[in-house]
Amino acid sequence: MTEAQVRWTAVVRAWRSSGKPAHAFAAERGIVESTLKYWARTLERASSARSRAPRAVLDPRPATTTPTLARVVRESDSTGDADAITIDIAGARVAVRRGFDHELLREVVQALAGAMR
């Protein structure tokens, strides 16, 4: 997130939680009402797009036991293009599909690393 996005996220949250109309909140803060509304829409769209993005998913099937720490398998679609990568690690299987949420995968990997300690 950029510095502007971080700043405006805080401002928009403060506005929403205040219960005040945009013009009153903006006047109190010395900001332009249209700028406040612009950032509210922009951040809402970005949040909505992130929530619709395909996610890395945990596969409930048991992972195969191999002597290596991790195993990566590429799965292809009908055209032969790599459509997904399945990672067997620490007794878990994680399927990562094209367009996955990078931050979510980072959280999954950190959780697995913590479980291995």
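Summary table
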| read-out | value |
| --- | --- |
| Breaking point among (1) among the hydrophobic types (A, V, I, L, M, F, W, C); (2) part of a loop (DSSP other than H, G, I, E, B); (3) at pLDDT below 90, for residue 72 | (2) |
| Selection within region 14-33 - surrounded by 11 or more Cβ atoms within 10 Å (Cβ to Cβ) and either in contact with a His (Cβ under 6 Å, 6 or more places away or on another chain) or hydroxyl-bearing (Ser, Thr, Tyr) (or both) | 18, 33 |
| Region 1-44, subset part of a helix (DSSP H, G or I) and β-branched (Val, Ile, Thr), residue farthest from residue 103 (Cα to Cα) | 35 |
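The values are calculated or read from the model by the stated rules, or taken from the named source; none is laboratory data. A quick note: this is a predicted structure, and the numbers were derived from the prediction, not measured. Backbone-built Cβ (ideal geometry, glycine too); neighbour counts: all protein chains shown.
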